[in-house]
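The values are calculated or read from the model by the stated rules, or taken from the named source; none is laboratory data. The structure presented is a predicted model; accordingly, all values stated were derived computationally and were not measured. Every residue, glycine among them, receives a Cβ derived from its backbone with ideal geometry; neighbour counts consider all protein chains shown. Please note that ligands, DNA and RNA were not included when accessible areas were found on the heavy atoms of the full protein model with its side chains. Shrake-Rupley method; radii C 1.70, N 1.55, O 1.52, S 1.80 Å.
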Amino acid sequence: MPSLADLLARAQTSLVAGDSRGCLHACDEILAAQPQHPEALHFAGLAHAALNDRTKGIDCIRRAVDSAPTFAAAWSNLGSLLMDEGDLTGAEEALRTAIQHGPPSFTSPLYNLGNLLRHQGRLTEAEDAYGKVLAVSPHHHATLYNLASTLQEHGRQEAALALAQTALRLAPQHAESAFLVGNLLRTQGRLAEALAAYDTALASDPDHAACHTNRGNLLSEQGRPLEALAAFQAALNAAPHNERYASNLLCALHYIDGITPEALLDAHLFWDQRYGCPEPRPAPPRPSRTGQPLTVGLVSADFGCHPVGWFCLPLVEGADSQDMRLVLYSDRLTEDHNTHRLEQAAFAFRRIRECDDEQVAEMIAADGIDVLIDASGHTGHNRLSLFANRAAPLQASWAAYVGTTGVAAMDLLLADACQIPAGDDSLYRERVIRLPVGYVPYAAPPYAPPPQPRQMGAPLTFGSFNNPVKLSEGILQQWALLLGSVPTARLLVKFRHLDDPATAQHLRMRFAAAGGDISRLDIEGGAPHAEMLAAYHRVDVALDTAPYSGGLTTLEALWMGVPVITMPGRTFASRHSLSHLTHPGLAELCCRDWDDYRAKAASLITDSARLARYRDTLRPRLQASPLMDGAGFARHLSRALRAVWEEA
């Protein structure tokens, strides 16, 4: 008959080999003789857990620590099982007991405690636990990776990157380590290095959908829209049921040369067919609001220093709560001074970052929202699923997205006659509502410097401060031709992603391939907002992009006294500048074709008197225009929404 020691050894060997039933058989023989044998109870608990009976496993290990209160390994495994069961309080107590009774070299409970604390958002404590593990085992890969992730969440990017790179060196095939390195490098603007890290991750895990997505975002930032489109498609291929990956693909389509509104409509309708809500909640009745304010909700992740935030500020600050009550539902991760201005001005401000759609829908119902406006569309951190299931009697898309959402339950698309000309309504699934004063208002930053007269002797300079993803092959060809027609002029392209030397070099190569003279191309990276605006002092004429036109970028150029030349196309995205130029009475800067675009730009940059007039008058013209009349915009929006509301 085998001894207890032999049975215990057999139990351990079976457990390690994955033979949980063999382990239990050996433990049963021990426990028949000694029912409180701690090691046998411990092994039995682990075996039950391996057989997916965690309840029995936890019970056995509790009996083990009752029998041997200083049994550190049992306390550690009890903590792990309780974590799996969601009992975080019990898990923390068990892990701390294991740490108390175990030797300094026993790092398993410290590692698991770090994971538990990180899960709870107790990042400083998690960092401390992981640090103690590394003090004993400096090459513990999982701890290096998790600590790097914790530091990233803490905003300590440099320290996180150093640890993540160490983790990757220790495990070069670990896709998540390479992915984390890529994310941290991208955050620092080191785009070429980040791209290499993403490629390393995908070499180990070709179906890493999140990595394909972030790689697509990076390629967009580098001004490589076709490659970005392919990356977003790869993400969707890897995770075909993920509607957010499908939304990324839709966003990318707007930047592609030659895209048509018909193709965009088809793509968005397909998204709704595949990912929308097949049976949304029925629209509730609309009671009369005559003599009462409409209660209007706005949902966005961009209530801050973002184009949407700048567009919303004049509306929210200008609205009369006796006419229209604006309730903001903010999904924003990082708040700033614009967030706080919006919160102060809104009738109510709700933070929904940690809420699921059902919770937000309940909030919207409790607030008595009549009209719910989506200010995200298919962009990041959107809540289209909330709208697809209908969260309010009347729903509209506005300000953030560039055309139809394709969502069946989205009733209205708020635009103007410039964004969507008469006769184009059939290109949008939503009912088009044309506001008479522009489709968005504008609030200029209070810290913007005043326009300055052109410096004597400075070179004639065209400029574009647009995101590089808008620099299509077609627009680079037009700029190359334009510079060829004005031999003394230069072109200044400025945006934060161009801080990355490889990204700037890629733009030079693309401009040369388009026929441009790179010796006359000046490339600059990012700067604080006020400094970026001051850089317009060195620009004579701003050149709009295509097929995705400048929005806030155009308004900022005008605010700084710089005229913008635009060539609108047929898509919503190509017509932002047309709208922003028309409402202040600057239609002379809008072109009928590309020959006209180049001719107007060439003529204007050599007309110093006209440039001086623009420099002196553009800011006051904007201030006097409907674009900067927030109260007027709020009244027109309220009238438009009320008219539709009362139709029911």
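Here is how the numbers come out for the structure above:
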| read-out | value |
| --- | --- |
| Within the accessible area of region 159-316 (1.4 Å probe), percent carbon and sulfur | 55 percent |
| Potential lengthening between Leu269 and Ala587 on full extension [0.36 nm per residue; Cα-Cα distance subtracted] | 111.1 nm |
| Volume per residue that the Cα convex hull of region 495-535 spans, once the total is divided by residue count, Å³ | 66 Å³ |
| Average Cα contact separation per residue, region 563-630, under 8 Å, 6 or more apart, as relative contact order % | 34 percent |
| With all protein chains modelled, accessible area of Ile523 [1.4 Å, Å²] | 40 Å² |
| Cα-based shape type of region 121-187, given that a ≥ b ≥ c are square roots of the gyration tensor eigenvalues and the cut on a/c is 1.5 | oblate |
| Accessible area per residue in Å² at 1.4 Å probe, computed on the chain | 41 Å² |
| In Hz, Karplus ³J(HN,Hα) per residue of region 278-292 (6.51, -1.76, 1.60; θ = phi - 60°; x = Gly, Pro) | x, 9, x, 4, x, 5, x, x, 10, x, 4, 10, 4, x, 10 |
| Value of D in µm² per second that Stokes-Einstein yields for region 53-144, Kirkwood Rh from Cα pairs, at 4 °C (1.567 mPa s) | 99 µm²/s |
| Virtual spin-label span in nm between Asp59 and Glu158, 7 Å along Cα→Cβ | 5.6 nm |
| Principal axis dimensions, region 333-380 - Cα atoms, whole angstrom, descending | 28, 25, 19 |
| Heavy atoms of Phe349: accessible area, 1.4 Å probe, square angstrom to 10 | 30 Å² |
| Cα-Cα separations in region 14-57 greater than 16 Å, expressed as whole percent | 27 percent |
| Dipole moment magnitude, nearest 20 debye, the chain about Cα centre, only Lys, Arg, Asp, Glu C-beta charged | 1620 debye |
| Quotient of Cα Rg and 2.2 N^0.38 Å for region 234-350, N being how many residues it contains | 1.37 |
| Inverse of mean 1/r across different Cα pairs in region 355-511, Kirkwood, Å | 19.6 Å |
| At q = 0.12, 0.21 Å⁻¹, base-10 log of I(q)/I(0) for region 350-442 (Debye sum, equal scatterers on each alpha carbon) | -0.38, -1.04 |
| Relative contact order (%) - criterion: Cα under 8 Å, at least six apart; region: region 1-59 | 28 percent |
| Mean separation of Cα contacts under 8 Å (6+ apart) over length of the chain, as relative contact order % | 10 percent |
| Protein accessible area in region 577-648, 1.4 Å probe - carbon and sulfur % | 51 percent |
| Order of exposure, largest accessible area first, which applies to Thr290, Thr150 with probe 1.4 Å | Thr290, Thr150 |
| Cβ-derived FRET efficiency at R0 25 Å, His141 paired with Asp207, nearest 0.05 | 0.70 |
| For the chain, fraction of C-alpha pairs farther apart than 47 Å, in % | 30 percent |
| Of all accessible heavy-atom area on region 3-158, the percent that carbon and sulfur account for (1.4 Å) | 50 percent |
| Dipole of region 485-622 [Lys/Arg +1, Asp/Glu -1 at C-beta], most positive-end residue of Leu581, Leu611, Pro501 | Leu581 |
| Loop-located trypsin sites (Lys or Arg not before Pro) in region 581-633 whose Cβ has at most 13 other Cβ within 10 Å (DSSP) | Arg592 |
| Value at 222 nm in deg cm²/dmol, rounded to 500, when DSSP H runs of n ≥ 4 in the chain each add -39,500 (n - 2.57) | -16500 deg cm²/dmol |
